[in-house]
Amino acid sequence: MPQQPGIFEQLAAIYRDAIAAGIRAIPRLLAGVAVIVIMVLAAKLVERVLRALLVRVRFDELLQQAGIDRTLHRIGLRQSINIVLPRLVYFLLLCLIARIGADLLQLQAVSQAFDAFFRYLPNIVAAVLLLVIGSAASQFASETVAKPHERRTSSSRAPWAVSYPRSFCS
């Protein structure tokens, strides 16, 4: 009958296995860190290029001419869209990078959480677009209705508007 190893031998085997697993994980960890650093630099570069592109095409001025800037101010966006949009793209790229890093490090729960976020992201974008478009449409309708009313004076009222209440008085 083979003899069972003692507690010290079992602890030594566990310790050796833990050190071996740690040493085997070092290349994967270094590769993950290197990929993440490179991707963060790439995300920053994309942010700067997008910001420069938006400034060059005068995106803020286009939104201002369309009246969308007032809508964005009403929903709480106080900064220039030339700053906000590239920053948003940067953070979305960071989330994507975090998911890739989690996949490289085989962190399944973290990877699944980011995957759920990215699957839900189109719904968030659609809701924000509906909010901005609906608000801009309501602002347009409000201005359209208010402008003719503001131009009216008491002399330009329809004659029935003055005579109709008098007919009830007599």
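Okay, here's what the table says:
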read-out: Answer residue from region 50-66, given it is open to solvent by less than 80 Å² (accessible area, probe 1.4 Å) and either not hydrophobic (A, V, I, L, M, F, W, C) or not in a helix (DSSP H, G or I) (or both) and is farthest from residue 82 (Cα to Cα) among those; value: 57
read-out: Any hit, region 79-101, residues being free of Cβ contacts under 8 Å to residues at least 24 places away in the same chain and of a type in the set (Phe, Trp, Tyr); value: yes
read-out: Flag if residue 92 is under 18 Å from residue 37 (Cα atoms) and modelled with pLDDT of 90 or more; value: yes
read-out: Total residues in region 146-160, condition modelled with pLDDT of 50 or more and surrounded by 10 or more Cβ atoms within 10 Å (Cβ to Cβ); value: 2
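The values are calculated or read from the model by the stated rules, or taken from the named source; none is laboratory data. These numbers come from a predicted model, not from an experiment. Positions of Cβ are generated from backbone atoms using ideal geometry, with glycine treated the same way; all protein chains shown enter the neighbour counts. Heavy atoms of the whole protein, side chains included, go into the accessibility calculation; ligands, DNA and RNA do not. Shrake-Rupley method; radii C 1.70, N 1.55, O 1.52, S 1.80 Å.
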